[in-house]
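Notes follow the structure.
Bear in mind these aren't lab numbers, they're just calculated from the coordinates by the rules spelled out. Values in this document were obtained by computation on a predicted structure and should not be read as measured data. Every residue, glycine among them, receives a Cβ derived from its backbone with ideal geometry; neighbour counts consider all protein chains shown.
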Ligand SMILES: [Ca+2]
Ligand SMILES: [Ca+2]
């Protein structure tokens, strides 16, 4: 066997190298996606907590959760960006700037304000939520945060 025959890779060797690189790349991409998805979920929880803090501070001043005189159900799919905008405007006017209108997946936050809803019973909950990584409302990956529970006296 001459030196010239061993100087380069054979096609089979090259194919094996390409396949191995491809497998490593696929493993890396899957791992990276898992990390970034966890980071987005953490970000969503953090932003929901910021909303809750601002909403409760607003209620301490105005006696109800924002916006004044409005209660609505967030169980639309996707959530209602226009109405969420009223909440963000109300909170922004109170000095709570920088609340993102969208969750880390680009969907508006959902908001179910039962705080002063006359048709809701005592114990009804008010929640803010992200529809989660799958961008579909009402399933297991939704991220929901309890803001308040309606008291018997109401508003
Ligand atoms: Ca309200
Ligand atoms: Ca979902």
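Show me 48-58, 141-151 ranked by packing, highest mean number of other Cβ atoms within 10 Å first. Provide the component values of the computation, followed by the final result.
Numbers: 48-58: 17.5, 141-151: 16.0.
Averaged packing, sorted descending, gives the order 48-58, 141-151.
Gaussian network model of the chain, Cα springs within a sub-10 Å range: biggest mean-square fluctuation belongs to which of 119, 42, 100?
Fluctuation is largest for 119.
Using a Gaussian network model of the chain whose springs link C-alpha atoms within less than 10 Å, name the residue from 21, 11, 88 with the highest mean-square fluctuation.
11
Take residue 125 and residue 7, extend 7 Å from each Cα along the Cα→Cβ direction, and tell me the distance between the two endpoints in nm.
7.3 nm
State the Cα centre-to-centre distance between segment 130-145 and segment 45-104 in whole Å.
Distance between centres, Cα-based: 18 Å.
Can you tell me the relative contact order of segment 9-149? Whole percent, Cα pairs under 8 Å, sequence separation 6 or more.
On the way: 188 pairs, mean separation 32.1, N = 141.
Computed over segment 9-149, the figure is 23 percent.
When you have a sec, figure out the Kirkwood radius of the chain from all distinct Cα pair distances and drop it here in Å to one decimal?
18.4 Å
Can you tell me the relative contact order of segment 34-96? Whole percent, Cα pairs under 8 Å, sequence separation 6 or more. All intermediate terms of the calculation are to be shown ahead of the outcome.
Values: 21 pairs, mean separation 18.7, N = 63.
This gives 30 percent for segment 34-96.
Extending each Cα 7 Å along its Cβ direction at residue 21 and residue 134, get the distance between those two points in nm, one decimal.
With each label point 7 Å from Cα toward Cβ, the separation is 3.7 nm.
Fully extended, how many nm does the chain gain between residue 57 and residue 82 (0.36 nm per residue separation, minus their Cα-Cα distance)? Mind dumping the intermediate values first?
Details: separation 25, 0.36 × 25 = 9.00 nm, distance 2.23 nm.
Contour length minus Cα-Cα distance gives 6.8 nm.
In the Gaussian network model of the chain, springs joining C-alpha atoms below 10 Å, which of 47, 13, 64 carries the largest mean-square fluctuation?
In the Gaussian network model the winner is 13.
Using Cα atoms only, what is the angle between the long axis of helix 11-62 and the major principal axis of the chain, expressed in degrees (0 to 90) to the nearest 10?
Approximately 10 degrees, to the nearest 10.
Please find the FRET efficiency linking residue 31 to residue 94, where r is the Cβ-Cβ separation and R0 is fixed at 41 Å, and quote it to the nearest 0.05. Before the final figure, lay out the partial values.
Numbers: r = 42 Å, r/R0 = 1.03.
Calculated transfer efficiency: 0.45.
Quote to one decimal, in nm, the extra length available between residue 141 and residue 39 on full extension: 0.36 nm per residue of separation minus the C-alpha distance between them.
On the way: separation 102, 0.36 × 102 = 36.72 nm, distance 1.44 nm.
So the chain would gain 35.3 nm between residue 141 and residue 39.
Let a ≥ b ≥ c be the square roots of the eigenvalues of the Cα gyration tensor of segment 6-63; is it rounded (a/c under 1.5), or, if not, prolate (a/b larger than b/c) or oblate? Before the final figure, lay out each step's value.
Details: a/c = 11.75, a/b = 8.97, b/c = 1.31.
It is prolate, given that a/c is not under 1.5 and a/b is the larger ratio.
Per-residue ellipticity at 222 nm for the chain, helices alone: DSSP H runs ≥ 4 residues times -39500 (n - 2.57), over residue total, nearest 500 deg cm²/dmol?
Working: 3 runs with 69 residues, N = 155.
Here the helix-only value at 222 nm equals -15500 deg cm²/dmol.
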